[in-house]
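Heads up: the structure comes next, in structure tokens.
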Amino acid sequence: MSRVLIKEVRPYGDGEAVDVLVDGELIAEIGADLDVEADEVVHGGGGVLLPGFVDLHTHLREPGREDTETVETGSVAAALGGYTAVFAMANTDPVADNAVIVEHVWRRGLEIGLVDVHPVGAVTVGLAGEQLAELGTMARSAAGVRVFSDDGKCVHDPLVMRRALEYAKALGVVVAQHAEEPRLTVGAQAHEGANAARLGLAGWPAPAEESIVARDCLLAGHTGGTLHVCHVSTAGTAEILRWWKSRGGSAGTVSAEVTPHHLLLTDELLSTYDPVNKVNPPLRTDADVRALREALADGTVDCVATDHAPHASQDKDCEWSAAKPGMLGLQTALGVVTRTMVEPGLLDWRGVARVLSERPAEIAGLADQGRPIAVGEPANLAVVDPDVRWTVRGAELASISANTPFEGMELPGRVLATVLRGRITAHEGEVRR
């Protein structure tokens, strides 16, 4: 087993810089100016040391759309972004609605070894929303599926959703819901409001999301199942979650995520008709963005998840109505969170650890991720330079695709190194195989 010495870092951004010795898969020693032998040394330069990030919402596109992303290229992007675990969504082709597909994705992640890849199983067969998929078989498979979602589509039938939550309770797993009442979003192209009206784009009303979130909170409370709300995008949804969590005993049954792009971007960007800004749910208003930041800061929204959604150029470089929704996110998440939450003082670095690592790991039931930075704990770590500023270039990102809405934007904070179970997986912009 190798020994890695991480020099001059501040755990959670607190106090004076220390050295951290990693021996094998565990943190072995923490102290100032450690005089020890090591196989590799990472120079932190006084930067911040955080637990490795966990993404509950990643699209790796394998199997079926390997022209846009693969488990391998997505793993590279994740490692460079500071992630040590990602959850690969089920809307592949074929759909990950059975043990064969989820085990394929899981095994590919093991073979590549840059990040723990946890496949998300579909809630319903073919994402059709009609018949429950083989939840128990996937949960008991070698992949050990812990999260189920039809993301990209809503489980809109309340009876099907109720049954899914009942099965989730029995299996000890999570149902992650894409909250969108489809009857309210037929033909929708943008957030319903003044900008959509001015641009002639069919509106996507906020209640399409909020009505499903309210319904599913009540179903989770009734069944005792565990619900996770994907990509929260409206102030109204934040208020519904705040109300639900205020009920006390019911709080543990519902969690929620927000994406980096919904923390920063607004529907004002749609004036260019550039499809890189098309996403599901759509970019909302400045008031929604402010509300989401506040909800993340106070814990109403539990965590940040990227909804990393690579698309081929022909699916984005086209007219708005024909373009597919989705944005890259794995390598820009830390920068956006730093800009929207740390620089304004809404979160400190311990708060960043909470929303990017600790809470996602807790929600998914990962015992070895999101752990404290302490002697004897698993060495899943991210070394961050909080002071560097860098310019996003889609062509320079590790994904096969380049559809980043942050093209040309200067972001603060960047990952210097990522450590997965004591092994350096990324260092100074390069991955380690």
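So the values come out like this:
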| item | result |
| --- | --- |
| Residue match in region 120-129 (condition: modelled with pLDDT of 95 or more, closer than 29 Å to Ala353 by Cβ, open to solvent by less than 10 Å² (accessible area, probe 1.4 Å) and under 17 Å from the mean Cα position of the chain (by Cα)) | yes |
| Residue among His57, His43 that alone is under 23 Å from the mean Cα position of the chain (by Cα) and either over 28 Å from Asp302 (Cα atoms) or surrounded by 24 or more Cβ atoms within 10 Å (Cβ to Cβ) (or both) | His57 |
| Condition check for Ile363: at pLDDT 95 or above and out of contact with any helix residue (DSSP H, G or I) (no Cβ under 6 Å at 6 or more places or on another chain) | yes |
| Single condition Glu111 does not satisfy, out of (1) free of Cβ contacts under 8 Å to residues at least 24 places away in the same chain; (2) crowded, with 24+ Cβ neighbours inside 10 Å; (3) not aliphatic (A, V, I, L, M) | (2) |
| Residue list for region 199-224, filter: free of Cβ contacts under 8 Å to residues at least 40 places away in the same chain and out of contact with any helix residue (DSSP H, G or I) (no Cβ under 8 Å at 6 or more places or on another chain) | Gly200, Leu218 |
| Close pairs (7 angstrom Cβ cut-off, 6 or more residues apart or separate chains): closer than 22 Å to Val86 by Cβ in region 316-339, among the hydroxyl-bearing types (Ser, Thr, Tyr) and open to solvent by 60 Å² or more (accessible area, probe 1.4 Å) anywhere | none |
| Number of the exception - Thr92 against (1) touching a Pro at 6+ places or on another chain (Cβ under 7 Å); (2) hydroxyl-bearing (Ser, Thr, Tyr); (3) open to solvent by less than 10 Å² (accessible area, probe 1.4 Å) | (3) |
| Helices (runs of 4 or more DSSP H) wholly inside region 153-256 that include at least 2 residues being open to solvent by less than 20 Å² (accessible area, probe 1.4 Å), under 19 Å from Ala133 (Cβ atoms) and not basic (Lys, Arg) | 158-171, 207-223 |
| Filter result for Arg146 (in contact (Cβ under 8 Å) with a residue 60 or more places away in the chain, open to solvent by 10 Å² or more (accessible area, probe 1.4 Å), in contact with a strand residue (DSSP E or B) (Cβ under 7 Å, 6 or more places away or on another chain) and more than 28 Å from Thr338 (Cα to Cα)) | yes |
| Tally of residues being in a strand (DSSP E or B), touching a strand residue (DSSP E or B) at 6+ places or on another chain (Cβ under 6 Å) and not charged (D, E, K, R) across region 371-410 | 8 |
| Residue list for region 378-403, restricted to those being under 14 Å from Val415 (Cα atoms) and open to solvent by 60 Å² or more (accessible area, probe 1.4 Å) | Asp387, Arg389 |
| Residue match in region 86-101 (condition: within 23 Å of Pro360 (Cα to Cα), among the charged types (D, E, K, R) and either touching a Lys or Arg at 6+ places or on another chain (Cβ under 8 Å) or touching a residue at least 60 places away in the same chain (Cβ under 8 Å) (or both)) | no |
| From the options Thr259, Thr285, residue that is modelled with pLDDT of 95 or more, within 27 Å of Gly74 (Cβ to Cβ) and among the hydroxyl-bearing types (Ser, Thr, Tyr) | Thr259 |
| Residue in region 171-183 that is of a type in the set (Gly, Ala, Ser) and either over 19 Å from Ser255 (Cβ atoms) or without any contact (Cβ under 8 Å) to a residue 12 or more places away in the chain (or both) present | no |
| Counted residues, region 312-352 - those being over 21 Å from Thr391 (Cα atoms), open to solvent by less than 30 Å² (accessible area, probe 1.4 Å) and part of a loop (DSSP other than H, G, I, E, B) | 3 |
| Tally of residues being under 18 Å from Arg215 (Cβ atoms) and either acidic (Asp, Glu) or assigned to a helix (DSSP H, G or I) (or both) across region 131-152 | 2 |
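The values are calculated or read from the model by the stated rules, or taken from the named source; none is laboratory data. Quick caveat: nothing in here was measured; it's all calculated off a predicted structure. We place every Cβ from the backbone using ideal geometry, glycine too, and count neighbours over all the protein chains shown. For accessibility, only protein heavy atoms count, side chains too; no ligands or nucleic acids. Shrake-Rupley method; radii C 1.70, N 1.55, O 1.52, S 1.80 Å.
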